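Accompanying notes for the structure given below.
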Amino acid sequence: MKHDIVLRVVGKLLIPFILLFALYVQFHGDFGPGGGFQAGVIFAAGIVFHALIFGLDHTRTLVPDRLVETMMAAGVLLYAGVGVAGLLLGGNYLDYFVLDQDRIHGQHRGIFWVEVGVAITVCGVMLKIFYMFASRDRDRDRDRDRDRDGEGM
């Protein structure tokens with residue numbers, strides 16, 4: 001698919017809108033269907049779409065493995081950090097109302113940051129799974145070539 005000009009042009013046009021839609025789902029999650037999980041999956045799907053059109057190597061230069069692994073950890077830390085902030089401010093773990101003087105604003109603030117953490121983690125995990133499956137055949141071919149050339153002994 002890397003050499004199909006129509007797919008490349010359509011992909012360059014669609015991918016920004018897919019990522020923008022993921023942001024919409026993330027920020028609209030308080031008021032309707034959506035939220036962190038859905039936004040993370042949509043964002044990862046946009047990046048997977050890029051990899052299918054432009055190639056895995058090019059996508060891995062844009063979104064390297066190190067960034068994906070950092071996303072997985074950072075999202076969980078953000079989620080847990082919101083809970084710890086609630087503890088430090090005198091509430092229970094993940095009690096959002098203590099995050100602001102107004103209880104309602106505290107709830108909104110806490111839910112927002114928890115959902116951001118979920119989106120980051122889900123996106124990272126989905127990309128990591130895709131990277132692992134997409135590079136599986138390449139690793140198997142490399143091992144087979146190495147064994148055939150006698151380097152594996």
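Bear in mind these aren't lab numbers, they're just calculated from the coordinates by the rules spelled out. Every value quoted in this text rests on a predicted model; they were computed, and no experiment measured them. Heads up, the Cβs are rebuilt from the backbone with ideal geometry, glycines too, and the neighbour counts pull from every protein chain shown.
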Compare Gly11, Gly91, Gly35 in a GNM of the chain, Cα atoms joined below 10 Å, and give the one with the largest fluctuation. Gly91
Length gained when the stretch Arg146-Leu20 is fully extended (0.36 nm per residue, less Cα-Cα span): 41.0 nm
FRET efficiency, 1/(1 + (r/R0)^6) with R0 22 Å, evaluated for Ala134 and Thr61 via beta carbons: 0.95
Find how much the distance from Phe49 to Gln107 grows on full extension, using 0.36 nm per residue of separation minus their present alpha carbon separation; answer in nm with one decimal. 17.4 nm
